[in-house]
Amino acid sequence: MAENRELRIAVEGAGEVSALLLRPADARSMLVLAHGAGAGMRHAFMEALAEELAGVQVATLRYQFPYMEERRGVPDRPKVLTATVAAAVRAAKEVARGLPLLAGGKSMGGRMSSQAAADGLLNEARGLVFFGFPLHPPKQPGTKRAEHLSKVQAAMLFLQGTRDALADLKLLRPICKDLGPRATLHVIETADHSFHVLKKSGRSDEEVLRELAESTAEWAGRIAV
């Protein structure tokens, strides 16, 4: 049976945050999964993604950032966010029982995971997964938010929609190319930043979630070799 339980994680200088462990009995890897800026770990997308990942043998440890835990509207300073990512990865190592560790998250959660890795805080994680990397604000194309990625030594998986207003693929593709074999870009046609797809795609949001999970599991299996 799957292990499904709540945890508490201590973050240096920022108290404790809540976390949710979902580990299927046949898990082959564990993803430390951070939420985006506007919604916490219990958001419907995060819940559904964790279930889909469990279905393809990827355990997840979802967790709150301090501002979300305390129901504050504004995200914490980057130093607090990256410290939280690092604390969550350490906590995951304790419950992973030998599973390969991955880190990442939705939008801001993924970007803060990569920043933590660039700062040398995630040595336990062998790969990073970005569910919609927020390369720039809407209608303000730029690449500054990706400058730190050159310092990340782990493998990186970018899962991006063609209609993502926070990541112009014309800018993201060259970034991934420059990162070389460390970066894998998986593009989902007509998906926006929330991974909603247009009706003309002939696909449902549920099918896209399944693709996100299956792509993550397949990539995780490759980098674990």
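Quote to one decimal, in nm, the extra length available between Glu189 and Glu124 on full extension: 0.36 nm per residue of separation minus the C-alpha distance between them.
Net length gain for the segment: 20.1 nm.
Using amide H atoms built 1.01 Å from N in the peptide plane, name the residues 5+ places from Leu31, or on other chains, whose amide H lies under 5 Å from its own.
Residues meeting the criterion, in which the H sits 1.01 Å from N, are Ala59, Thr60, Leu61, Leu102.
If the reach is capped at under 16 angstrom between alpha carbons, list the aspartates and glutamates near Lys177, excluding any in the same chain fewer than eight residues apart.
Output for Lys177: Glu147, Asp168.
So what is the 222 nm mean residue ellipticity for the chain from helices alone, if each DSSP H run of at least 4 adds -39500 (n - 2.57) and you divide by all residues, rounding to the nearest 500 deg cm²/dmol? Display every interim value, and only then the final one.
Details: 6 runs with 76 residues, N = 225.
Mean residue ellipticity, 222 nm, calculated: -10500 deg cm²/dmol.
How far apart, in nanometres, would the label points at Ala48 and Glu147 be if each is projected 7 angstrom from Cα along the Cα-to-Cβ direction?
It is 3.7 nm.
Two decimals is fine: what's Rg over Rh for the stretch 1-150, C-alpha atoms, Kirkwood radius as Rh? Mind dumping the intermediate values first?
On the way: Rg = 14.4 Å, Rh = 15.2 Å.
Answer for the stretch 1-150: 0.95.
At 1.4 Å probe size, with the rest of the protein present, what percent of the exposed accessible area of the stretch 110-217 is carbon and sulfur atoms?
Values: 2570 of 5220 Å².
Exposed carbon and sulfur together represent 49 percent of the surface.
Per residue of the stretch 199-209, in order, report the coupling 6.51 cos²θ - 1.76 cosθ + 1.60 (Karplus, θ = phi - 60°) as ³J(HN,Hα) in whole Hz, putting x for Gly and Pro.
4, 5, 5, x, 10, 9, 4, 5, 5, 5, 4
Under 5 Å between amide hydrogens, which residues at least 5 positions from Gly132 or on another chain qualify, with H placed 1.01 Å from N in the peptide plane?
Ser107, Leu159
For the pair Lys139 and Arg90, how long in nm is the line joining their label points, each one 7 Å along Cα→Cβ?
Going by the 7 Å Cα→Cβ label model, 4.3 nm.
Enumerate the calculated ³J(HN,Hα) couplings along the stretch 14-25 in order (Karplus 6.51 cos²θ - 1.76 cosθ + 1.60, θ = phi - 60°), each rounded to whole Hz, writing x wherever the residue is Gly or Pro.
9, x, 10, 10, 7, 8, 10, 9, 10, 10, x, 4
From the backbone phi of the stretch 145-151, what are the Karplus-calculated ³J(HN,Hα) couplings (6.51 cos²θ - 1.76 cosθ + 1.60, θ = phi - 60°) in whole Hz, Gly and Pro given as x?
Whole-Hz 3J(HN,Hα) from phi for the stretch 145-151: 5, 9, 4, 6, 5, 5, 8.
Expressed as a rounded percentage, what relative contact order does the chain have, with Cα pairs under 8 Å and six or more residues apart?
In percent, rounded to a whole number, it is 16.
Within the set Lys144/Lys199; Lys106/Lys139; Lys151/Lys200; Lys151/Lys199; Lys79/Lys199; Lys93/Lys139, which residue pairs have Cα atoms separated by over 31 Å? All intermediate terms of the calculation are to be shown ahead of the outcome.
On the way: Lys144/Lys199 33 Å; Lys106/Lys139 20 Å; Lys151/Lys200 39 Å; Lys151/Lys199 39 Å; Lys79/Lys199 40 Å; Lys93/Lys139 39 Å.
Going by Cα-Cα distance, Lys144/Lys199; Lys151/Lys200; Lys151/Lys199; Lys79/Lys199; Lys93/Lys139 fall outside the 31 Å limit.
Between Glu3 and Lys200, what length in nm is gained on full extension when 0.36 nm per residue of separation is reduced by their alpha carbon distance?
67.1 nm
Hey, quick one: spin label on Arg77, modelled 7 Å out along Cα-Cβ, who in the stretch 1-32 has an amide N within reach, i.e. under 15 Å?
Those under the cut-off are 12-15.
Scan around Ile188 for amide H atoms under 5 Å from its own, H built in the peptide plane at 1.01 Å from N, and keep only partners 5 or more places away or cross-chain.
The answer is Gln160, Gly161, Thr162.
The values are calculated or read from the model by the stated rules, or taken from the named source; none is laboratory data. Owing to the predicted nature of the structure, the values given are computational and were not obtained by experimental measurement. As a convention, Cβ positions derive from the backbone with ideal geometry for all residues, glycine included, and neighbour counts pool all protein chains shown. Just so you know, the surface numbers come from the protein's heavy atoms only, side chains and all, with ligands and any DNA or RNA stripped out. Shrake-Rupley method; radii C 1.70, N 1.55, O 1.52, S 1.80 Å.
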